[in-house]
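Single-structure report; data block below.
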Number of protein chains: 2
Amino acid sequence: MILTFVGTAGSGKTTLTAEFGRYLVENGKKVAYVNLDTGVKRIPYKADIDVREHITVEELMKEGYGPNGAIVESYDRLMAHVSYYLSRILELEKENDYVLIDTPGQMETFLFHEFGVKLMENMPYPLVIYLFDPTILQKPHDYCFVKFFTLMIDLRLGTTTIPGLNKVDLLENLTEIKKYLEDVEYLSTRLNLETSMQSLLAYKLCKILSEVSPPVRVLYLSAKRRDGFEDLETVAYEHYCTCGDLT
Amino acid sequence: MILTFVGTAGSGKTTLTAEFGRYLVENGKKVAYVNLDTGVKRIPYKADIDVREHITVEELMKEGYGPNGAIVESYDRLMAHVSYYLSRILELEKENDYVLIDTPGQMETFLFHEFGVKLMENMPYPLVIYLFDPTILQKPHDYCFVKFFTLMIDLRLGTTTIPGLNKVDLLENLTEIKKYLEDVEYLSTRLNLETSMQSLLAYKLCKILSEVSPPVRVLYLSAKRRDGFEDLETVAYEHYCTCGDLT
C-alpha cells in the first residue's frame, strides 16, 4: 500500500511520515520511506528513496538561483528520472506492507509541476492524504475551501484524496471544527448567516458538493499523540483492499 | 486601481508586472509597484513598497533555515507589518492610476498564509489576475482545474479573480486552447470522450460551474509581445469603475 502525504510547507508532512512509519513498524508492519522534497535539510526517517541523491535546492542556490527558482529548477531536472522513481516505488511496494511518500515542501511544486502529475498519474489507484493546518480554518468559508481543495488534488493528480486535519493536539475546539467539517447542513446554516462574497460563494459550492463527490471521511491527526493513526490505517486498507469506498 | 498578480513560481508574475507597468507609463498612466516576494533576488521594476526591507528568505537561510522553512518564516515575521503594508498600498492607490502588486514566488504562501489572506481581505474590492502557465494544460480536465482553481482563489482571499494564460507567445495552438477555456460545451464533449476518473470529476464540475459563478473572461497574456495588455486595462477599468461586471 502506498500513502502519499501532500500539504503546504509547515503542515507537518515530514513529521507525520516519520511517526506514522514508526507506529506501523511497532505494529509489525514492514515500511519503506520515500522523500520527494529537494529542499528539506534533515529528515527524521531513513529514506529508501531520496530525490536529493540527484539534486538539492541548496546546490542550485549555490549555482546562483534564488530560492523559488531553485525549487522549480530542481523538479525540472528530476523530470528525467520520473520513470526511474516510479519503478523504484512500485518495487518497494512489493517488498513492504507500506510505502510512505513525503512530498515537496511547497505543495504547489507537486500539484503544478509535471513531476508530481506524471508520478501520481502513473501509480495504480494512488491515495493521497491532504494535510492541512488548523490555522487556515478561521471562518466558515475556510471549511468549504478545504473540501473543494481536496477535490482539486483529485482533479489535478488523478488520485483519491482524503483530507487530514493535522496537529489536532494544538486544538481546544476540535468538537466544533468536526461539526463544520462533517455536517454540511450545519456549515451551510453558518455560511448563510455571513454576508461576505466569500460566504455566498462557499454556500453555493457546499450545496453542489454532494453532486460531484460522495461524502469523504476526514482524518484528525497528530504525530505527537498519534491521534488518528488507526483511522489512517483503516483508510489505506479500505482504499487498497475494498476498492476505494471511503465513505 | 490595484491589480494583484498571483501564480505559481515560474508563471511570470514579476516579468509581467514590470512590462505591464512600462506599458501603462508609456500610455501616460502613473504607476506604483509593490513587491511581496521575500525570496526574489532581483526585480525588473523599481518597487515603491518592498517586503524585503523587513526580511528576505536568504537572510533566514543564513540563520539556518532550509528554503521551505525560510519562506514560511519570512511571512510569519511579516505578519506584524500587515496593517502597515495595507495602509501604504492604499496611500499609493490615491497617488497613482495603478498599483501593481507582485506576490510571493510560491503561490501557496499567499493563499495559505494568513499574511496573504489578511492583506487581501482588507482591501476594497480586490482584483486578482491568476497567471497560469500553458504547460499545465495537458489534458481536457486541466482546463476544468484552472476554472475551479480561479474560484478557489476568490473563496480563499475574498477577491474577484480573473484567469490569465501567460506566455502565449510560446503557443502554436492558442485557438484550440481558447476553445477549451471559453466554450464549456466543447470542453464537456471532450471530457465525455475520456475515460479517466479525473475526466468524470471534471465533467461533473464543469456542469455545475455556471450555478456557482457567472462566466469569467480569460486573459491571454505575453510580457514579450504585450499581448492582452489592453484587455487587462479594460478588466481593471470595468472592475473598479463599473462595479465588477467582468462577463
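Counting only the Cα atoms, chain B fills a convex hull of 127 Å³ per residue. For region B:147-190, a crude dipole built from +1 on the beta carbon of Lys and Arg and -1 on the beta carbon of Asp and Glu, taken about the Cα centre, is about 180 debye to the nearest 20. Using only Cα atoms, tell me the angle between helix A:140-157 and the longest principal axis of chain A; keep it within 0 to 90° and round to the nearest 10. Taking the Cα atoms of chain A, the angle to A:140-157 is about 40 degrees.
Region A:185-247 and region A:17-57 have Cα centres spaced 27 Å apart.
Ascending distances from the residue B:183 label point to its copies in the other chains, with the point 7 Å along the Cα-to-beta-carbon line: 4.8 nm. Holding the Cα-Cα limit at 20 Å, pick out from A:139/B:204; A:29/A:178; A:179/A:207 the pairs that are longer than that. Over 20 Å Cα-Cα: A:139/B:204; A:29/A:178.
Between residue B:174 and residue B:42, the simple spin-label model (points 7 angstrom out along Cα→Cβ) gives 2.8 nm. Shortest first, residue B:237 label-point distances to identical copies amount to 6.5 nm, with the label point at 7 Å from Cα along Cα→Cβ. Placing R0 at 45 angstrom, the Cβ-Cβ distance between residue A:193 and residue A:118 gives a FRET efficiency of 0.55 after rounding to 0.05.
Annotation: the antiparallel percentage among DSSP beta bridges lying fully within the protein assembly as shown is about 5. With the simple model of a label 7 Å out from the Cα in the direction of the Cβ, residue B:25 to residue B:230 spans 2.3 nm.
In chain B, the DSSP beta bridges split such that about 5 percent are antiparallel, to the nearest 5. Here the sum of -39500 (n - 2.57) over DSSP H runs of 4 or more residues, divided by the residues of the protein assembly as shown, equals -15500 deg cm²/dmol at 222 nm, to the nearest 500. Note on chain B: with charges restricted to the Cβ of Lys and Arg (+1) and Asp and Glu (-1), its dipole about the Cα centre is near 280 debye. Considering only B:205, B:157, B:232, the Gaussian network model of chain B with Cα springs below 10 Å gives its largest mean-square fluctuation to B:205.
Only the coordinates and a few stated rules stand behind these numbers; no lab work does. Only a predicted model underlies this, so the values are computations on that prediction, with no experimental measurement involved. Cβ atoms come from the backbone with ideal geometry, glycine included; neighbour counts cover every protein chain shown.
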